[in-house]
Each structure stands twice: as structure tokens, then as C-alpha cells.
Amino acid sequence: MKEELSVVGKGIPKVDAILKATGKAVYGADFSLPGMLYGKILRSKVPHAKILNIDTRKALKLPGVRAIVTGKDFPWGLKYGFTAITRDQTPLAQDKVRYIGDEVAAVAAVDEDIAEEALDLIKVEYEELPAVFDPFEAMKEGAPQLHDHVKNNISASQHLAFGDVEKGFLESDHVREDQFTTQAIKHGFLEPHASVGLWDPSGKATLWGNKQSPYIVYRKLAMALGLPPSKVRVIQTYVGAGFGSARSDPFALDFCALMLSKKTGKPVKFVYTMEDVLVMGEMRHPFHMKVKTGMTKEGYIKAIQAYVVADGGAYSTIGPVSIALPAFFIDIPYRLPNVKYDGYRVFTNKGFCGSLRGHCIAQLRWALGQQLDMVCNDLGLDIAEVSVKNALHPGDETPSGYKITSCAFTECVERAVEASGWKEKKEKLPPYRGIGMGTSSFITGVKLSGHNSASCVVKMNEDGTTSVMTGATDIGQGSSTIISQIVAEVLGLPIGDITINAGIDTDFTPIDPGTYGSRVSFYSGNAAKIAAEDAKKQLAEVASKVMKVPLEEIIFKDRKVFSKSNHGKGWKIDALIRYAQHNMGKESKSIIGSGSYDSGIDFIDFKTGKGNISPTYTFAADVVEIEVDPETGKITILKAVGAHDIGKALNPILCAGQLDGAWIQAEGQLLYEELKRDKKDGHVLNPSFMDYKMPTSMDIPLKNKHIFVESMDPDGPFGAKEVGEGASVAIFPAFGNAVYDAIGVRITDLPITPDKVLKAIKEKKQGKK
Amino acid sequence: MRFNVNGVIYEEEIDHRRTLLEVLRENFGLLGTHKGCDEGQCGACTVLIDGKAVNSCLVLAISVQGKKITTIEGLAQGGKLHPVQEAFVESGAIQCGFCSPGMIMVTKAFLDQHPNPTEEEAKRAISGNLCRCTGYFQIIDAVMKAAEKMRKEA
């Protein structure tokens with residue numbers, strides 16, 4: 001029987017939208033404490049050097065300066081990081097600086113101007129070391145070494161092989177080998193990092209900040225400050241967007257706000273400038289990829305091989321995951337027997353790289369999705385038909401052990417074909433117009449080592465409303481709304497009766513790993529559903545007693561609790577909650593439900609790649625139609641169509657917003673966005689939005705269409721899977737393939753700028769390509 | 001110095017180097033106007049000066065004496081949201097919300113002058129304001145919806 005839903009699945013406005021529309025949401029820089037000081041960070045001006053001495057005497061004498069910290073003020077040698085082997089960051093540089101922008105010292109003063117002035121008075125004595133900016137140079141014997149304990153600057157590597165690729169290539173009628181590259185881009189959130197630190201006399205270090213995954217910050221702060229986690233408290237403000245690990249990790253400002261507070265006894269506030277944000281880590285890994293695909297003339301993919309070198313910048317962060325994820329997604333959404341992957345993440349003297357929407361899966365898909373198109377074109381096959389022919393289906397298990405539960409990939413392809421007019425347009429459009437298809441699959445809650453489970457508390461109030469405390473962090477994607485909808489649905493309440501915590505307070509909110517790995521709707525959504533069902537069960541037991549009907553007959557609907565047999569006649573929910581609270585003698589109780597959720601899948605084995613990395617997977621097929629101006633090289637996106645298997649659209653308006661946002665962010669990387677660097681010292685050449693160009697409203701596709709393919713995941717809350725991140729993957733090859741269809745030249749290096757397009761058109765005319 | 005912000009008169013001694021954005025946030029506590037890039041590229045700090053949308057990070061505070069400043073806090077009247085705010089809330093135009101006050105202010109200024117815009121005009125009107133979350137589609141929907149609401153009210 002199909003469940004009738006009244007709140008889930010509806011396009012309800014976001015629960016925090018009114019606060020945000022009226023300017024009342026408190027973001028990082030909006031938070032203040034009385035008597036606080038203002039901090040500024042001094043960054044390295046050299047790419048690689050030993051720190052010999054830092055002289056702060058003159059700066060300390062500047063009137064208004066209250067304290068200065070350097071690396072020596074933090075526990076010496078105590079490093080933080082993602083895993084034991086990747087702990088290579090300290091709050092401020094201790095022995096060495098490793099890129100232009102690395103943090104060296106911090107000042108607290110009575111205002112920002114004085115703090116800034118004091119930075120100029122700090123004298124840092126460096127012994128400069130040779131530096132390396134190219135990952136291939138960095139891997140060579142004798143290259144400058146960034147970290148003493150890491151040979152040849154190999155920050156992390158991933159190898160994976162299933163089946164026999166050589167045999168697969170032999171069985172293929174056509175094999176291609178091509179190279180692709182991608183560039184560094186920034187997350188591009190509009191709110192710079194901001195935090196306020198207070199180290200109080202009881203020894204508690206409290207940090208208020210715009211954090212995407214407050215529990216990650218809490219653990220890493222404790223790690224590098226040498227404190228037990230119970231002595232650290234992170235309170236999250238509203239967050240001006242995230243898109244990846246640049247919002248999940250603590251940075252120098254967080255450590256320094258706390259240490260300067262400890263030194264001065266006052267709260268200390270840091271607000272980074274946009275220049276700080278653009279110069280520092282983190283950003284998307286630039287990828288160099290050599291990929292090989294073999295296919296039979298009937299269109300069966302027999303083998304895929306990839307060799308990847310990723311430029312990791314100066315520190316590890318989540319490098320082992322960054323270089324592993326493309327390996328783990330080398331085959332899926334396709335069923336193919338033979339794959340091989342060798343990936344290296346390499347240290348260079350540049351800002352460090354981490355996760356960004358589509359976390360490294362997008363880069364490899366840019367390559368493989370274009371190569372699939374190339375192989376199809378060579379063999380005279382249609383990529384849409386080939387995609388269906390090789391598609392995974394529910395019940396499949398991939399060679400690496402991924403269990404495909406809900407999967408509507410074939411339907412995604414078919415519906416994208418239909419909605420885009422693919423058959424009428426592919427290779428049939430006039431010159432300089434082109435159409436391309438791309439496909440992808442994505443995790444729904446990456447299962448990594450460490451903490452994965454989510455939790456939630458649901459408290460039913462005496463006026464009939466319900467308060468929800470979730471561990472999930474809403475960074476704008478709408479998790480607070482989705483979780484409210486889930487709880488409201490379970491308890492038969494309208495959305496307006498739900499109050500949800502606006503932020504995380506690591507001392508008091510239920511524990512949750514954070515907003516990353518496309519896990520929130522699935523993990524935190526399930527935890528909320530379990531918590532609401534727990535509260536419902538408790539109140540249903542009361543109802544069963546007072547109404548004298550069996551428990552299983554109790555129904556919650558429209559703020560009422562009644563029995564199936566006695567439809568409509570029952571208790572108003574507020575009266576029942578009060579009855580439970582006040583009138584049951586020794587059994588009187590407040591209704592507080594709690595729930596935790598973990599998917600229960602095993603951890604993947606990073607050594608072999610064997611295992612199941614995610615409890616379920618999303619699938620997508622995108623089709624992009626473009627027009628190229630042969631005079632200017634400018635590309636206009638005429639239409640973008642995406643069919644996305646997201647399980648269930650919990651809120652269609654929010655889901656559409658996620659897909660729109662994912663596409664336009666990807667479009668920036670496809671067309672022009674790039675963090676540019678000086679070749680001699682690696683410094684960022686465009687650290688401002690004046691020069692770092694992101695898409696505006698004038699750049700978006702003239703038409704776009706999203707198709708939600710609802711495969712109803714058996715384990716997802718009300719059938720839901722991830723929506724916001726996977727959507728930023730298939731668009732990459734779709735776009736590249738459309739460019740090829742339009743100009744007949746394959747552009748393999750991002751971004752596809754007008755000058756590259758013009759050059760390609762010119763070379764084609766001259767018969768070079 | 002004397003400032004008229006949202007119809008409230010503020011008399012403050014102001015350092016002549018301060019921008020309107022800094023004074024709104026730091027002196028008047030009007031935190032709904034956001035500081036993003038601080039160089040006139042992102043539009044998160046958009047306010048109205050005599051009804052015209054400007055980046056408050058590029059305006060020196062001393063230059064706006066005698067002018068009427070409207071910030072996001074001055075838009076809702078008598079506890080009722082302005083139609084532009086309503087439309088943004090209903091259309092999904094707000095994700096992280098950091099750009100929203102600026103987007104809403106620029107939309108208000110635009111619709112006051114162009115009550116019956118085309119989608120293309122709406123697109124152009126908000127093109128000086130960045131949003132990294134929405135991809136702009138739902139913001140454009142909101143502008144069109146707000147126009148309709150305002151026409152009905154008028």
C-alpha cells in the first residue's frame with residue numbers, strides 16, 4: 001500500500017527562510033561578546049622556508065596590541081589531521097612554512113586596524129628552501145621535500161584492480177588512451193571564515209564559528225591544543241555556505257582565537273577577508289589523468305584503467321580519501337568486469353586541497369565520461385544506448401563489492417534522452433551547436449573509518465508542538481527543513497509545529513559527524529525518523545491506555561491521536577501530551593524520543609578497494625545543449641536536462657535548488673573559474689572576486705529541466721538518497737561532450753575558455769585536428 | 001554626524017574613513033547587511049540610498065548624510081514581510097541566506113522602477129549580486145513572483 005504523505009514530499013519553504021530574508025540570522029561575523037579583542041593573522045610571504053626566528057617585540061609595543069601568538073605558543077609538535085598518518089598541520093607554522101599564505105603568527109588588539117598594523121611590525125627570519133610547484137616535479141628523486149616523514153612528496157596513493165584489464169583490452173574491439181586535466185577552483189562561499197574564541201577561567205575553550213561539521217572542528221581543536229575533548233566546545237553560527245572541507249576543518253583563526261583568549265583573558269574575534277579565504281587552503285584538487293577505455297563493437301565496456309596525479313598542495317587534510325574516491329567510482333554506474341586505478345596525491349608548495357562538491361569523483365568523471373563519448377563516436381555507437389547497455393541494476397554487486405539496492409539509472413538515461421530531444425539532435429544540430437550526455441553515480445553517506453552514526457532527540461511540548469534537536473548542520477542545503485518535515489510526518493503535525501535547533505553546540509546537541517560525504521538526508525534523516533517514532537511510540541502507549549485500544553491501532557494525524565476503528569474520535573495531541581506529563585501518577589512522563597542511525601555496512605578496505613563504501617548510491621544522466629560563437633569562442637548553454645535518481649524528493653523545491661546550484665557551480669569550473677598561480681613562487685594571482693570569476697545570473701543556461709527519478713530507496717528515510725552533490729558530476733562530461741559535438745574538437749583541459757575554443761576551431765580549419 | 005536609516009535617526013561620531021557597511025554593522029548593529037568580498041564584487045552588502053541599490057562597502061559613511069538609507073531590517077513593515085521577502089521565502093530563493101539580504105534589496109529597488117519585468121530583465125537586475133548556492137534560477141522565480149505580488153498590492 002502506498003503511504004499517504006502530508007508533509008514529506010511537499011515543496012515547503014525552508015524553516016529558517018524568514019530569519020534569513022529579514023537579516024536576522026546570526027552568521028559567523030555577526031557574533032560578538034562584550035569586551036572582546038580582534039585578531040589578525042600573519043601569513044608567510046615565502047613558499048618554503050625554515051623559520052629561524054620571529055621577533056614580536058616591536059609589534060607588542062604598539063598601543064592597543066594585547067597579545068601575539070606564534071607556533072611556539074601551541075603544544076610543540078602536536079599535529080592535527082584526518083588520520084594518524086596524515087597529521088601534518090599545526091595551528092601556526094612551527095618549524096617550517098610550506099606555501100605563500102601559510103600562517104605564522106597572530107595578533108590580538110583592541111580593534112582590527114591596530115591588529116593589522118601590528119602584523120607589519122612582526123619580523124620573521126626565514127631560511128629559504130627550494131620549493132616545488134608542479135606535482136610531477138615534486139615526485140622526482142631529489143625534489144624539495146615538504147614533509148620530512150614523506151618520501152618523494154607522495155601524500156597519499158591509491159591502487160585498485162579488479163578483473164584483468166589487459167585481458168579486457170584484448171577482448172575489446174576498440175581501445176583508446178587519452179589525457180585530461182582539471183584546474184584548482186575554490187568553494188566560492190560568500191561568507192568568509194569567522195570565529196570568536198573564549199578560553200574561560202575554568203579551563204573551557206569555547207569557539208563560536210561558521211562551521212560545516214562542528215564535531216570535526218571540536219575533535220581537531222582538542223587534538224592540537226592538547227585538551228580532552230570535554231574541555232572544548234564548538235557552537236555553530238549560521239553558515240554562509242560550505243561545499244566541502246574548507247568549512248569542515250578548523251583553521252589558524254580558530255586555534256588563535258582560543259590561544260589569544262587564554263593569553264589575554266578576553267574573548268577574541270577573527271574575521272578573515274575574502275583575500276585570506278582565496279589564498280589559504282582548501283580548494284579542489286587539480287587532476288592530471290591518463291585514462292584508457294576498451295569496448296566491443298556491440299558497445300560493451302570491457303575494461304577501464306586510470307592513472308591519476310592529484311596536486312595536493314602543502315598538507316594532507318583528507319588526502320587519502322580524495323585520491324581514493326575516484327578509484328572507488330571508476331566503474332559505477334556501469335557494470336564492467338575489469339578496472340585498474342593508480343592514483344597519487346602529491347605535496348607541492350601551494351595552498352592545500354580538500355573536498356569540494358563532487359569530491360574528486362567529478363574530476364575522473366570529466367575524463368572517463370568524455371572518453372566514453374570518444375569511444376562511442378569512434379565505433380559509431382550512441383552513448384545513450386551504450387549507457388543503458390552497460391547499466392547497473394538493482395540487486396547487482398560490482399566487482400569491488402558495492403551492493404546496488406535502489407537504482408534507476410536506466411530510467412535516468414531514458415528520461416534525459418526523451419526530455420532533451422537527444423535522438424533528434426545528436427550529430428544533427430547545425431554547425432557550432434552541440435549536444436552532449438554525461439552520466440554519474442554518487443555516494444549517499446560515505447562510510448569512512450571513524451565516526452559515521454547520526455543521532456537526534458525529539459521532545460513533545462505541552463502545547464502540542466515538537467522540538468527537534470538534530471546533530472546535523474544546515475549550511476544552507478536545507479537539512480533543518482528536511483528533518484523537520486520527517487518528524488512532522490511521523491507525528492502527524494504540520495511543519496509549523498516543529499521547532500529545530502538552528503546550530504550545533506558540541507556540549508549539548510546530539511552527536512553527528514557533520515555535513516560531508518552526502519550523508520545528511522540519509523543518516524541524520526533516518527536518525528530523526530527513528531527519534532520521532534520513539535516519541536510517537538511513547539505517546540501512543542499513553543493513548544492506548546487512556547483510549548483502551550490496542551497500540552497498533554493508534555494513528556497520529558492532523559494534530560490528533562485516535563484509533564483506526566474509531567476514526568476521528570480521539571485526543572487532541574496537546575491534551576494527550578499534557579495528560580502524559582501531569583495525570584498519570586507515578587507513570588507521568590515527558591515525551592522525549594531519541595534515535596541513532598548507522599547504516600551497518602562494513603568499512604571499505606582502502607588497501608584493496610574491496611567493500612561497500614556507501615549504503616546506497618544515486619545515479620544521474622545529464623544532457624547539455626550549447627551554442628558556440630565562432631567569432632569570440634564564447635559558449636552559451638541553451639538547455640540543460642538532468643534526470644537524477646535521488647530515491648525520493650523529500651522537498652521538491654529544495655531538491656531543485658540543490659541541482660541548480662550544483663550545475664552552476666560546475667559550470668564555473670567548466671567555463672572560466674580558476675585559481676591562478678605565479679609559476680615562480682606559487683602565490684595566488686587572483687585572490688579577489690574581481691579576478692576570481694564565478695558564474696552570475698547572466699551565465700546560467702537559458703533553459704533547465706530537472707527530472708526526479710524516484711527509486712524509493714529501501715533504507716532511505718521515506719525512500720530518500722542524496723541530492724546535492726552527485727548532481728555536480730555528470731554535468732562535467734555532458735558539457736565536454738557537447739563542446740565536441742559543436743566544434744568537432746575535443747577539449748581535454750579545464751576550463752574551456754573562449755581562447756581555447758577559438759584555438760581549437762582555428763586548428764581544425766587548418767586541418768591539424 | 002546624522003544618519004537616517006530605516007526612518008530612524010542616528011547621531012554618531014564617525015571616523016571619516018569608515019564605509020557605510022562598517023558603520024551600519026559596527027555602530028548601528030544592523031547585522032543583516034553582510035560583508036562578503038568587501039570590494040563591490042559580491043553584492044552581499046547591498047542597501048538602498050534614496051531608493052537606489054548600492055554596495056555599501058564602496059560608500060563612505062560620511063557621504064550619505066541627509067540621504068535615506070534602507071537596509072534589510074527596514075523592509076518588513078508592521079510585522080509583515082515585504083512582498084519581495086515573501087517571494088524569496090516561498091520560491092526556494094534562499095539557501096545559505098548570506099546573499100539574500102543583498103539580493104532582496106536589489107530586487108526591491110529594481111521592482112520599484114520596473115513593476116512588470118521580463119525574466120531577462122530580472123536576470124540582468126540581479127547580475128551584480130553573487131550567489132553560490134542557488135544557481136540563480138529560484139531567485140529569478142522569486143523576482144517574478146515578487147513583481148506579481150507588488151502589482152497586486154499596488
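The values are calculated or read from the model by the stated rules, or taken from the named source; none is laboratory data. It should be emphasised that the depicted structure is a prediction, and the values quoted were computed from it without experimental measurement. Neighbour counts run over all protein chains shown; Cβ positions are idealised from the backbone, glycine included.
Worth pointing out:
- The range A:3-30, residues that are outside any helix (DSSP H, G or I), more than 9 Å from chain B (Cβ to nearest Cβ) and modelled with pLDDT of 95 or more: A:Leu5, A:Ser6, A:Val7, A:Val8, A:Gly9, A:Lys10, A:Ile12, A:Val15
- Annotation: of all residues in the range A:641-664 being within 13 Å of chain B (Cβ to nearest Cβ) and either outside any helix (DSSP H, G or I) or on the phi > 0 side of the Ramachandran plot (or both), the one that is surrounded by the fewest Cβ atoms within 10 Å (Cβ to Cβ) is A:Ala649.
- Counting the residues of the range A:719-728 that are buried (at least 24 other Cβ atoms within 10 Å of the Cβ) and either aromatic (Phe, Trp, Tyr) or not in a loop (DSSP other than H, G, I, E, B) (or both) gives 3.
- If you go through the range B:106-125 and keep only what is within 12 Å of chain A (Cβ to nearest Cβ) and touching a Gly at 6+ places or on another chain (Cβ under 8 Å), you end up with just B:Val106.
- At least 2 residues being more than 19 Å from the chain's Cα centre (by Cα) and over 25 Å from A:Ile500 (Cα atoms) is the threshold, and among the strands (runs of 3 or more DSSP E) wholly inside the range A:193-255 those reaching it are A:194-199.
- Residue within the range B:52-63 that is in contact (Cβ under 8 Å) with a residue 24 or more places away in the chain and within 19 Å of A:Ala21 (Cβ to Cβ) present: yes
- Matching option when the condition is within 21 Å of A:Phe689 (Cβ to Cβ), surrounded by fewer than 23 Cβ atoms within 10 Å (Cβ to Cβ), β-branched (Val, Ile, Thr) and more than 10 Å from chain A (Cβ to nearest Cβ), among B:Val8, B:Val54: B:Val54
- Search result, residues across the range B:69-105 that are part of a helix (DSSP H, G or I), within 11 Å of chain A (Cβ to nearest Cβ) and over 23 Å from A:Gln477 (Cα atoms): B:Glu73, B:Gly74
Residues checked against (1) within 23 Å of B:Arg132 (Cβ to Cβ); (2) in contact with a strand residue (DSSP E or B) (Cβ under 7 Å, 6 or more places away or on another chain); (3) aliphatic (A, V, I, L, M):
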site	(1), (2), (3)
B:Gly7	no, no, no
B:Glu11	no, yes, no
B:Asn27	no, no, no
B:Lys35	yes, no, no
B:Cys45	yes, yes, no
B:Leu48	no, yes, yes
B:Leu60	no, yes, yes
B:Val64	no, yes, yes
B:Lys68	no, yes, no
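- With respect to the conditions (1) away from chain B (no Cβ under 14 Å); (2) more than 25 Å from A:Tyr215 (Cα to Cα); (3) without any contact (Cβ under 8 Å) to a residue 24 or more places away in the chain, A:Gly77 lacks only one, and its number is (2).
- Condition met for A:Lys40 (within 14 Å of another protein chain (Cβ to nearest Cβ) and surrounded by 15 or more Cβ atoms within 10 Å (Cβ to Cβ)): no
- Matching residues, the range A:130-151, being within 30 Å of the chain's Cα centre (by Cα) and of a type in the set (Gly, Ala, Ser): A:Ala138
- Residues that are out of contact with any helix residue (DSSP H, G or I) (no Cβ under 7 Å at 6 or more places or on another chain) and either away from chain B (no Cβ under 14 Å) or farther than 30 Å from A:Pro130 by Cβ (or both) within the range A:676-698 comprise A:Lys676, A:Arg677, A:Asp678, A:Lys679, A:Lys680, A:Asp681, A:Gly682, A:His683, A:Leu685, A:Met690, A:Lys693, A:Thr696, listed in sequence order.
- Note on the range A:665-675: residues that are away from chain B (no Cβ under 13 Å) and of a type outside the set (A, V, I, L, M, F, W, C) amount to 2.
- Entirely in the range A:314-425, the helices (runs of 4 or more DSSP H) that have 2 or more residues that are in contact (Cβ under 8 Å) with a residue 24 or more places away in the chain and under 15 Å from A:Ile304 (Cβ atoms): A:319-328, A:361-379, A:383-389
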